[in-house]
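Beneath this line is the structure, given in structure tokens, with notes to follow.
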Amino acid sequence: MLFAGPDKDGVESGKITAAYRRWAEPRVVEGRVYRTNAGRIEIDSVRQVNPELISDYDDDIFAADRQNARDVRRRLRGNEDWPTFLIKFHLVEGPDPREELAATADLTPEDLEDLRTRLAKLDSLSRHGAWTTAVLQKIQEKPTVRAGDLAADLGRDTPTFKLDVRKLKNLGLTYSLETGYELSPRGKAYLASI
């Protein structure tokens, strides 16, 4: 989830703990932690609501930092045929464990074996064959290059390529940049080991 302008500041400060979104289907799952441009948030609940039935006195309006029900409806984006969801969340304090993992370059034999096992599983479940090593090597070769260009170099489509890179990021092997990616210290250490 992304938050714009004052909403970003409100989420960062903990003042905003709810959001209304118009989506074709829910994009967040209750109980999961998501990284956003306002920090990490944990989803407390996600439920579909009828925007026409929102009352000016709903506490959720104030938790979303909206003036009234009309203000909520006015700010909804996306296809008007899509359902509206009310997402309640709270800010997660403390360091992101993925960032701490990514910064670790000292890999034990157990760490390496665990990574090999996880990456082999990703490769085996893929519809386009083994990809993990090729993607890591391409990112190492071309840091800060657009995802679309990297995907084209590998004969891949951009959306599934991006999903795959996110899987590598979840293992602490890559960083996402403003444009493109780079290997984390953990990712560099892993590639050096193979």
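The values are calculated or read from the model by the stated rules, or taken from the named source; none is laboratory data. Everything quoted here is computed from the prediction, not taken from an experiment. FYI the Cβ positions are ideal-geometry reconstructions off the backbone, even for glycines, and counts take in every protein chain you see. In case anyone asks, the SASA skips ligands and DNA or RNA and just uses the protein heavy atoms, side chains included. Shrake-Rupley method; radii C 1.70, N 1.55, O 1.52, S 1.80 Å.
Segment Asp153..Asp56, full-extension length gain: 29.6 nm, with 0.36 nm per residue of separation and the alpha-carbon distance subtracted.
Here region 69-157 exposes an accessible surface that is 48 percent carbon and sulfur, computed with a 1.4 Å probe and the other protein chains kept in place.
Just subtract the alpha-carbon distance of Asn170 and Arg73 from 0.36 nm times their residue separation and send over the number in nm, one decimal. Write out the running numbers ahead of the final one.
Working: separation 97, 0.36 × 97 = 34.92 nm, distance 3.50 nm.
Working it through step by step, the gained length comes to 31.4 nm.
For the chain, adding -39500 (n - 2.57) for each run of n ≥ 4 DSSP H residues and dividing by the number of residues yields -12000 deg cm²/dmol at 222 nm. Values (1) -0.36, -0.91, -1.04; (2) -0.48, -0.85, -1.02; (3) -0.27, -0.82, -1.05 are given for comparison; log10 I(q)/I(0) by the Debye sum over Cα atoms at q = 0.08, 0.14, 0.16 Å⁻¹, derived from the coordinates here, is the one labelled (1).
log10 I(q)/I(0), Debye, Cα-only region 1-111, no solvent, q = 0.17 Å⁻¹? With one equal scatterer per Cα and no solvent, log10 I(q)/I(0) is -0.81. Along its principal axes, region 131-192 has C-alpha extents of 27, 23, 20 angstrom, given from the largest down. Applying 1/(1 + (r/R0)^6) with r as the Cβ-Cβ distance of Thr108 and Arg27 and R0 = 35 angstrom yields a FRET efficiency of 0.45.
The residues neighbouring Ile43, those whose beta-carbon lies less than 13 Å from its own, together hold a net charge of +4 under the Lys/Arg +1, Asp/Glu -1 convention.
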